[in-house]
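For reference, the structure is listed below as structure tokens.
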Amino acid sequence: MADRDFRPAIVVHGGAGLYAEDRHAEARAGCLRAAEAGRAVLAGGGSALDAAQAAVRVLEDDPFFNAGVGAALTRAGTVELDAAVMDGRDLSFGAVAAMARARQPIDIARAVLDDGEHVLLCAEGAWAFARERGFAPCDPAELITDRARQRLLEETARRQAGGDPRGGGTVGACAVDADGHVAAATSTGGIVYKRPGRIGDTPLCGCGTYADDGGGAASATGHGESIIRVTMSRVCVDAMRAGGAASSAAWAAVHELERVGGTGGIICCDARGRIGAAHNSPRMAWGAAIVDGPSLGAVDVAPGADAHERLR
């Protein structure tokens, strides 16, 4: 790269919303582990797509976060997962939605991308494809935690008392590799107490997940129905394509989300290795790492400075 300050980098998020004060350290540590996993791929010469996928796999396997193990439960008490990956080199995209019994759906989303026939498969159709590619379903009980059951009980009572739907936690990663290529990956269990069959923003191209070498990569988190309405991640990437810094692009996407009264957050990176993170939710957990540079895990409790500046 011509820019002497350029270094491959990865930024991850563990979801925007409410993190109890006594669980901030757990959220930070989980995001940092994911960022380190992605950095290891980049340091070994791996692609941005491989790095983003590796980071999300760590978060899917961590019961603290709303993806894979520990994911949010539907009102029927089941787990239905959405996941997506996008490669900024050629705008290839792969996603799965409303998928039960998948411990790490990000791997199946990657298989959809690599296959290239379709960009989004859902429910049992996604499993028919996955079995053809050698994936096997897990026991549904592996994905359900006591914490998820408790959250469902609390949200059921709140919603039946007339409360409005709240945004669901999501995990995601954006990476830029040594060749300046970008990629994004996102995975989620969706909203607690959602209807079975509900599909959120995560697997929809340009909504929860987007990547284009001409601008950058972005992964969103928050109230999915609002994110879909404003195609939040595409707004972020378009702002970078127009020359905006990653930090200002992230804020542009959050401000667009506010047009429809939505709450959430977003992470992003551009092809120069700059990263950004912004949110209008009470908190957002995120982590970042630069190859041959520093790493950081954080839970922002209020809108803060550009993540990249905190790593320099």
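The values are calculated or read from the model by the stated rules, or taken from the named source; none is laboratory data. Since the model is a prediction, treat every value here as computed from it, not as a measurement. Backbone-built Cβ (ideal geometry, glycine too); neighbour counts: all protein chains shown.
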Could you check how many residues of segment 66-113 are part of a loop (DSSP other than H, G, I, E, B), surrounded by fewer than 24 Cβ atoms within 10 Å (Cβ to Cβ) and free of Cβ contacts under 8 Å to residues at least 40 places away in the same chain?
1
Does segment 126-139 include one or more residues that are modelled with pLDDT of 95 or more, under 20 Å from the mean Cα position of the chain (by Cα) and hydrophobic (A, V, I, L, M, F, W, C)?
yes
Gly265 fails exactly one of (1) touching a residue at least 60 places away in the same chain (Cβ under 8 Å); (2) in a helix (DSSP H, G or I); (3) buried (at least 21 other Cβ atoms within 10 Å of the Cβ), namely (2)
State yes or no: is Val192 of a type outside the set (Phe, Trp, Tyr), farther than 26 Å from Arg39 by Cα and more than 13 Å from the chain's Cα centre (by Cα)?
yes
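Out of Ala157, Ala183, Ala178, which single residue is surrounded by fewer than 24 Cβ atoms within 10 Å (Cβ to Cβ) and closer than 23 Å to Leu49 by Cα? Talk me through it step by step, then tell me what you get.
Numbers: Ala157 fails: closer than 23 Å to Leu49 by Cα; Ala183 fails: surrounded by fewer than 24 Cβ atoms within 10 Å (Cβ to Cβ).
So the residue among Ala157, Ala183, Ala178 that is surrounded by fewer than 24 Cβ atoms within 10 Å (Cβ to Cβ) and closer than 23 Å to Leu49 by Cα is Ala178.
Could you grab me the full set of residues in segment 19-36 that are among the hydrophobic types (A, V, I, L, M, F, W, C) and either closer than 17 Å to Ser187 by Cα or in a helix (DSSP H, G or I) (or both)?
Ala25, Ala27, Ala29, Cys31, Leu32, Ala34, Ala35
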